[in-house]
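Here is the structure we will look at, set down as structure tokens.
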Amino acid sequence: MAVDIKKLFNDELPAAIAKNPDKAKEVGHVFQMNITGDNGGEWTIDTSATGPSCKAGKVDNAECAITISDADFEKLSENPQANGMQLFFAGKLKVQGNQMLAMKLQKLFDLAK
């Protein structure tokens, strides 16, 4: 099932974070999502004590920045565990900053389901 990336980051994830702020704050970090391609964009996901929020745009203080194409994000959303590692080792999922934090993002995406 194809994921509407812009709807996910502009509507679904912000709504899930607003509905579950305490669960979002458990993640406790600032992320930058950079999704390339026609269906992509740039979003800041702030799960720190001053957050939580997910909004369009770029931030300089991200502890973990993820860059992936829109097509590869589709694959990632289908099976995050298996496809995440495959995409990472193939160089299609780029992580800057603290790479271990990237795995914590799944908790947030689970809130939006």
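Read-outs throughout are calculated quantities, based only on the coordinates presented, and are distinct from any laboratory measurement. Every value quoted in this text rests on a predicted model; they were computed, and no experiment measured them. Note that we place each Cβ from the backbone using ideal geometry, even for glycine, and neighbour counts take in every protein chain shown.
Within 10 Å of each candidate Cβ there may be at most 16 other Cβ atoms; applying that plus a DSSP loop requirement, which trypsin sites (Lys or Arg not before Pro) in region 1-108 survive?
Lys58
List Thr67, Thr47 from most exposed to least, where exposure is judged by having the fewest other Cβ atoms within 10 Å.
Thr67, Thr47
State the dimensionless ratio Rg/Rh of the chain (Rg: radius of gyration of Cα atoms; Rh: Kirkwood radius).
0.92
I'm a student and want to see the number: the projected area of the Cα convex hull of region 59-113, averaged over all directions, in nm².
Mean projected area for region 59-113: 4.0 nm², to one decimal.
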